[in-house]
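Presented below is the structure to which this report refers.
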Amino acid sequence: MIVVKNLRKSFGEVKAVNGISFEARDGEITGLLGPNGAGKTTTLRMLYSLLPPDAGEIRIDGLDPTRDAMEIKRTLGVVPDSRGLYSRLTARENISYYGQLHGMKRAAIDRRIDDLVARLDMSEFIDRRTEGFSQGQRVKVAIARAMVHEPQTVLMDEPSNGLDVMSTRALREYILGLKRGGHSVVLSTHIMQEVAALCDRIVIIARGEVAADGTAAELLARSGCSSLEDAFVKLIGTEEGLLA
Amino acid sequence: MRGLITVFRKEVRENIRDRRALFNSLLLGPLLFPLLFVGMMWFLESAERERAEKTLELPVVGAEYAPSLIRFLEQQGTVILPEPEDPEEMVRSQEVPVVIRILPEFPAQWEQGLPAPVEVISDPSRQESNAPIRRVKQLLLGYGQQIGALRLQLRGVSPQLASPVMIKDVDLSTPKSRAILAVIFLPYVLMITAFTGATHLAMDTTAGEKERKSLEPLLINPVPRWQIMTGKMITTTVFAMASLALTLVSFRIVLPYMPVGAFGMDLTLGLETLLKILLIISPVAILAAAMLTLLASFAKSYREAQSYMGLVILIPMIPSLIFMANPVKAEAWMTAVPLFSQNILIGEVIRGESVPLAWYGASFASTLLIGLILAVIAATLYNRPKLIFSTS
């Protein structure tokens, strides 16, 4: 469960996040939808305590990232915008490294990796060095290493970026599985279909502010549009960034 | 500490698989410098011997004024060349290293028993001319002494009266202490190796991690940032130390092939000496790892980091160069100066002197202190979000 209230963050003159509030409940997928540069990544970075907010309040299962950074990091699984892997290590070693950083025992890591290999269909490449991996294989490894410690709350920044159709389908299956498992999932995206296919609640962000917030049906009703895409354009008041 | 150890183990494993790291840290320094050293020695020695043994060819201006001197020179094996048109130009253009000019007043002065002038035209600033100049001057001096002795004898005076002082050399230098080149060169090489051994790792674990976009996910793990950075710096230090140890071993292997005789060197690096040197230089490895990591953390990419490194490599060179230009006598206060003290101590150890324990302590502590200060700064660098997210 994530509660964000009136979050603000500026970089010099630029107000990247300008008073964002939303909630993300357990057993639900919350989508942060917005054009590029709307402040989604900055919001997520504040959630996983890599950036300190200028103002506002964040509670993740009651914990505050600015004060309980280590504790929060233990309960979070994060697939950030940068998903660099270590190319001289195998996929298994990449994932195992993160397990060890979380203080997991060797046996527990091995068990967990076996489970993730089955769920994310990675058996073909799990023991290969990640040099030369396809984008889809990279994202799978990045997800597996973020999930190795079985986090309750999952944050994903543009998870389907650069994936082909098959990989995207597999990714959605996995995210829906997390939801069924009672996890709280927050993903940021600028892709309409992704939101429509996955998200229980949608938070539309534009220019650092929340433009609208609700289920897909609520957003359609509020805007009086018949498609989510039209609703989105109408609610943020511009087509800018949608085509990217 | 768990996180620190995890980071350390992963970095070691990753970099052992990296050919670039192995080449830079474990091959380049340990192979290049000892070979360079031995090659340089061979070259110096053979060039020196060649110059000393080669027939001396000497153009003489005004040979007709001093036929007996010319005869003497020829008896000593000198080949007298005919009078050149412009002797100064000949020396300046390096056609010959030295020309002598016997001045027209030579015969008159000679007759009267006054010093008769001979000019030795040369350019001593050219290293390669030193041997021939020395030989020509020795010949002229020898001739002068011979004639002087004869003149005294003719007048019934013992030539010994003209040498009131007899100089006898009592040489206390051991063969080891004569290993001057090694004393200066080895510390220099080791100081540079400490830095070159650390360079690649320092850049790869910081700027490289940022460039590959694996820094941000790494920092989301529940491990304090200082532990992550310290783990990286320890890896860098270990590689620098390995580089140093290999360089020393490789020196030990090639030294027997050195042309020992010419320099009067007896430089066998025993195990004890090697360990002492390694101990002296080890805080430099820590200092280098911390300093290079600190710098590379500011870079956005490996290439940007590389551009800083050219300047950093000057840092260990400066104290060595000062020491080379002015080989001072070792004194206590110098052993507290980081990077300079190592030059002095390694020199003393090679020379076979017994070094006071306090000197080891001062050198080790002062260098380690600076190293740790830099390490603390480096360890906290990634607390600034600006440095994490700056990507090119």
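None of the figures in this text is laboratory data; all of them are computed from the coordinates on show. If you're wondering where the values come from, they're calculated on a predicted model, not measured in any experiment. Heads up, the Cβs are rebuilt from the backbone with ideal geometry, glycines too, and the neighbour counts pull from every protein chain shown.
Provide the three semi-axes, in whole Å and in decreasing order, of the ellipsoid equivalent to the stretch B:48-166 as defined by the square roots of 5 times the Cα gyration tensor eigenvalues. Provide the component values of the computation, followed by the final result.
Details: eigenvalues 150, 64, 30 Å².
Semi-axes, largest first: 27, 18, 12 Å.
Under a 5 Å amide H cut-off, with hydrogens placed 1.01 Å from N, A:Phe11 pairs with A:Ala16 among residues at least 5 apart or on other chains. Calculated translational diffusion coefficient of chain A (20 °C, 1.002 mPa s; Stokes-Einstein with Kirkwood radius over alpha-carbon pairs) equals 116 µm²/s. Translational diffusion of the stretch B:250-392 was estimated from the Stokes-Einstein equation, with Rh taken as the Kirkwood radius over Cα pairs; at 20 °C and 1.002 mPa s the coefficient is 123 µm²/s.
Each 20 Å bin from zero holds the following percent of Cα-Cα pairs in the protein assembly as shown: 16, 32, 23, 15, 10, 4, 0. Taking the C-alpha atoms only, the angle from helix B:2-16 to the longest principal axis of chain B is near 50 degrees.
Note the per residue figure in Å³ for the convex hull of the C-alpha positions in chain B.
On the way: hull volume 74.1 nm³, N = 392.
Residue-normalised Cα hull volume stands at 189 Å³.
When all alpha carbon pairs of the stretch B:1-100 are counted in 10 Å bins from zero, the resulting P(r) reads 12, 21, 17, 11, 10, 10, 9, 7, 2, 0 %. Relative to the longest principal axis of the Cα atoms of chain B, helix B:340-351 runs at roughly 60 degrees. For the stretch A:47-133, the alpha-carbon coordinates run over 46, 28, 20 Å along the three principal axes, in decreasing order. Peptide A:98-104 has a mean of 6 when you count, residue by residue, the C-beta atoms of other protein chains within 10 Å of its C-beta.
Structure shown: which of A:Lys15/B:Lys213; A:Lys5/A:Lys105; A:Lys140/B:Lys210; A:Lys9/A:Lys73 lie over 32 Å apart, alpha-carbon to alpha-carbon? Result: A:Lys5/A:Lys105 exceed 32 Å. Entry note: the stretch B:323-392 has Rg to Rh equal to 1.24, where both radii use alpha-carbon atoms and Rh is the Kirkwood radius.
Under 5 Å between amide hydrogens, built in the peptide plane, is the criterion, and for B:Leu56 it picks out B:Val79 among residues at least 5 positions away or on other chains.
Tell me, what is the FRET efficiency for B:Gln127 and A:Val3 to the nearest 0.05, using R0 = 56 angstrom and their Cβ-Cβ distance as r? Efficiency at R0 = 56 Å is approximately 0.10. Ordering of A:191-203, B:350-362 by packing is A:191-203, B:350-362, highest average first (other Cβ atoms within 10 Å, averaged per residue). Computed from backbone phi with θ = phi - 60° and the Karplus coefficients 6.51, -1.76 and 1.60, the 3J(HN,Hα) list for the stretch B:17-34 is 7, 9, 4, 5, 5, 4, 4, 5, 8, 10, 10, 4, x, x, 8, 5, 5, x Hz; x is used for glycine and proline. The ellipsoid equivalent to the alpha-carbon distribution of the stretch A:179-224 has semi-axes of 19, 14, 10 angstrom, derived from the gyration tensor eigenvalues as √(5λ) and listed largest first.
For the protein assembly as shown, DSSP calls about 50 percent of its internal beta bridges antiparallel. Largest GNM mean-square fluctuation among A:Gly12, A:Gly84, A:Gly214, using chain A with Cα springs under 10 Å: A:Gly12.
The alpha-carbon of B:Lys329 sits under 22 angstrom from the alpha-carbons of these lysines, leaving out residues fewer than 8 places away in its chain: B:Lys176, B:Lys276.
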